[in-house]
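Have a look at the structure below, then the notes.
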Amino acid sequence: MEEIKSFEQVYDHLGSLSSRKRIAVVCPDDECTQSAILMALDKGLADFILVSTPQGLQSLPDRIVADADHVKTIEVADSDAAAMYAADACRIGESDIMMKGLINTDNFLRAILNKEKGLLPKGNVLTHLSVAEMPSYHKLLFFSDVAVIPYPTLQQREAMLCYDIATCRKFGISRPKIALIHFTEKVNEKFPNSVDYVKLEEMAGSGRFGEVYMAGPMDVKTACDRHSAEVKGIESPVCGDADLLIFPNIESGNTFYKTITLFAGATIAGILQGAVCPVILTSRSDNTISKLSSMAIACMNAL
């Protein structure tokens, strides 16, 4: 498979497949989510199970409801029941992906993390993967974790990498280039993440993650700009050509996410990984294109 380097290529690839993945959307009652669903239907990206209250279903555009071949609507009493229905559908294989609509994040996650009927297998780590397309970078840029794990442990970083690398490979990246992000290239025990990076590179060297290039600690500019690496005298296939950035903590990752959205014209998609299926956890500020791109990333992850 040729490497996919833009969201448009993702849409084209999914639209060319003989079958579609099914997305269970919890409370698709807002205009942005509905617009994203319409665009996904037009592009042939996915089929949908839309779960909401009677009032929520009444808000759906006629064009969505009329597409009976690709859309199923389920009426429930409230948003909690909608989340549980969608989680059940994913757990028993009636849906491939779960997506948050107009529902409180805590209520949505409660259904996923339910010990008896949830979607997170015992021992798995729930983590967030973002994918950005920017005019200033030559391909899609993957990065973790900006939304779930505040200060990842070594074990959580290891799990995060396993999930992220598997997703990168589904985009045709046969040997992902991974940058372990820090503010300096020096390892210092005052910053435990930099010590973890050394251990992760040892794991990579032993084949734990398969065929990858991994380097760090390094800053974002070194990871994504070859000239910066040359000036610093750092030599690695990762420098200037990173596919995946691993951030030290949620503050740095989330700040990067918000900064490139606001100042770099980035389109960003995101999914939760570690559950039995991809989960689309949208933000209140996400626009239609971001929601559409998240749907597409989730469909690629579910292939």
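The values are calculated or read from the model by the stated rules, or taken from the named source; none is laboratory data. Just so it is clear, the model here is predicted, and its values are computed rather than measured. Because the Cβ atoms are built from the backbone with ideal geometry, glycine has one as well, and the counts that use them run over all protein chains shown. Surface areas here come from the heavy atoms of the whole protein model, side chains and all, with no ligands, DNA or RNA. Shrake-Rupley method; radii C 1.70, N 1.55, O 1.52, S 1.80 Å.
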Just reorder H128, H138, H70 by solvent-accessible area, largest first, 1.4 Å probe, all chains present.
H138, H70, H128
For the stretch 55-138, taking Cα atoms only, what is the radius of gyration to one decimal and the Dmax to the nearest whole Å?
15.9, 47
Ordering 224-231, 190-197 by per-residue average of other C-beta atoms within 10 angstrom, highest first, gives 190-197, 224-231
For the stretch 1-140, state what percent of all Cα-Cα pairs lands in each successive 5 Å bin, counting from 0 Å until the bin that includes the largest distance.
2, 9, 17, 19, 19, 15, 12, 5, 1, 0
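State the percentage of accessible surface on the chain attributable to carbon and sulfur atoms; use a 1.4 Å probe and exclude ligands, DNA and RNA.
The nonpolar share, carbon plus sulfur, comes to 50 percent.
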Could you compute the FRET efficiency for A66 and E31, with r as their C-beta to C-beta distance and R0 at 22 Å, rounded to 0.05?
0.75
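Evaluate the charge dipole of the stretch 177-303 about its Cα centre and quote only its size in Debye, nearest 20, assuming +1 on the Cβ of each Lys and Arg and -1 on the Cβ of each Asp and Glu.
Dipole size: approximately 380 debye.
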What whole-number value in Å² describes the accessible area per residue of the chain for a 1.4 Å probe?
45 Å²
Once the Cα gyration tensor of the stretch 147-303 is diagonalised, semi-axes √(5λ) in Å:
25, 18, 16
Could you give the size of the charge dipole of the chain about its Cα centre, using +1 on the Cβ of each K and R and -1 on the Cβ of each D and E, expressed in debye and rounded to the nearest 20?
440 debye
Under Karplus coefficients 6.51, -1.76 and 1.60, residue-wise ³J(HN,Hα) of the stretch 179-193 in Hz, glycine/proline x:
10, 8, 8, 8, 8, 8, 8, 8, 8, 9, 4, 5, 10, x, 4
K117-A77 FRET efficiency (beta carbon distance; Förster radius 25 Å; 0.05 resolution)
0.90
Separation between Cα centres of the stretch 255-284 and the stretch 106-140, rounded to whole Å:
10 Å
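Applying a 10 Å radius around every beta-carbon, put 169-176, 277-284, 240-247 in order of their mean neighbour count, most first.
Values: 169-176: 17.1, 277-284: 21.5, 240-247: 24.1.
Final packing ranking: 240-247, 277-284, 169-176.
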Give me the orientation-averaged projected area of the Cα convex hull of the stretch 222-302, in nm², one decimal.
6.8 nm²
Between N188 and D12, what FRET efficiency comes out of the Förster formula 1/(1 + (r/R0)^6) with R0 = 41 Å and r the beta carbon distance, rounded to 0.05?
0.35
In range of the label at L154: residues from the stretch 185-215 whose backbone nitrogen is under 17 Å from the point 7 Å along Cα→Cβ:
187-209
Expressed as a rounded percentage, what relative contact order does the stretch 100-146 have, with Cα pairs under 8 Å and six or more residues apart?
23 percent
Determine the sum of side-chain charges near R20: Lys and Arg each +1, Asp and Glu each -1, restricted to other residues whose C-beta is under 10 angstrom from that of R20.
0
Stretch S19-S174 to full length: gain in nm at 0.36 nm per residue minus the Cα-Cα span?
53.4 nm
